[in-house]
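A.B. asks: Take a look at this one; I'll ask things after.
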Amino acid sequence: MSQMNQMPQSDKPEEESEKSKKERLDKIVSKLKTDLTLDDLQVFAVQGVISENMKKQDILFKNEKLSEDEKLLELQAQTESTDQKIIGFLNKDQKKKYIEMTADRKEKMNEMIERKIR
């Protein structure tokens with residue numbers, strides 16, 4: 001009986017979580033599309049890269065074998081890889097703007113890692 005009560009509870013948050021992930025993905029891609037003036041092919045490519053990154057982050061955060069420091073370093077590596085893939089789809093002007101857009105995020109992540117290491 002307790003298993004039956006738990007099933008709907010665990011299914012519902014999972015559905016909401018997927019909806020939330022989709023909304024977050026759409027928001028990120030929409031912002032990049034607007035800020036970088038992406039064409040439809042670039043939007044499609046960038047959306048795939050970001051979706052893949054989000055899945056990898058989910059797996060990373062659920063990995064109980066890694067310490068928080070290890071997760072943070074892996075997150076940084078995944079983010080760098082994602083940025084490089086996205087940059088590969090951009091023209092010269094878009095690359096420059098993307099690098100400027102992500103500079104603040106990278107700086108904050110580096111500061112967070114540095115504080116953790118100390």
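A.B. asks: DSSP loop (so not H, G, I, E, B), at most 10 other Cβ within 10 Å: list which GluC sites (Glu not before Pro) in the range 43-118 pass both filters.
C.D. replies: On the way: sites: GLU52, GLU64, GLU68, GLU70, GLU74, GLU80, GLU100, GLU107, GLU111, GLU114; in loops: GLU64.
Within the range 43-118, the qualifying GluC sites (Glu not before Pro) (loop, at most 10 other Cβ atoms within 10 Å) are GLU64.
A.B. asks: Go through LYS31/LYS62; LYS31/LYS96; LYS85/LYS106; LYS21/LYS62; LYS27/LYS108 and tell me which ones have a Cα-Cα distance over 24 Å in this structure. Each step should come with its number before you reach the end.
C.D. replies: Numbers: LYS31/LYS62 28 Å; LYS31/LYS96 16 Å; LYS85/LYS106 16 Å; LYS21/LYS62 15 Å; LYS27/LYS108 21 Å.
From LYS31/LYS62; LYS31/LYS96; LYS85/LYS106; LYS21/LYS62; LYS27/LYS108, over 24 Å: LYS31/LYS62.
A.B. asks: What nm distance separates the two modelled labels at ASP93 and GLN57, each placed 7 Å from Cα along Cα→Cβ?
C.D. replies: Output for this residue pair reads 2.9 nm.
A.B. asks: Given a 1.4 angstrom probe, I'd like the percentage of the accessible area of the range 9-113 that is carbon and sulfur, rounded to a whole number. It would help to have the intermediate numbers written out before the result.
C.D. replies: Values: 4010 of 7360 Å².
C and S atoms contribute 54 percent here.
The values are calculated or read from the model by the stated rules, or taken from the named source; none is laboratory data. Quick caveat: nothing in here was measured; it's all calculated off a predicted structure. So basically every Cβ, Gly included, is an ideal-geometry build from the backbone, and we count neighbours across all protein chains shown. Only protein heavy atoms, including side chains, enter the accessible area calculation; ligands, DNA and RNA are left aside. Shrake-Rupley method; radii C 1.70, N 1.55, O 1.52, S 1.80 Å.
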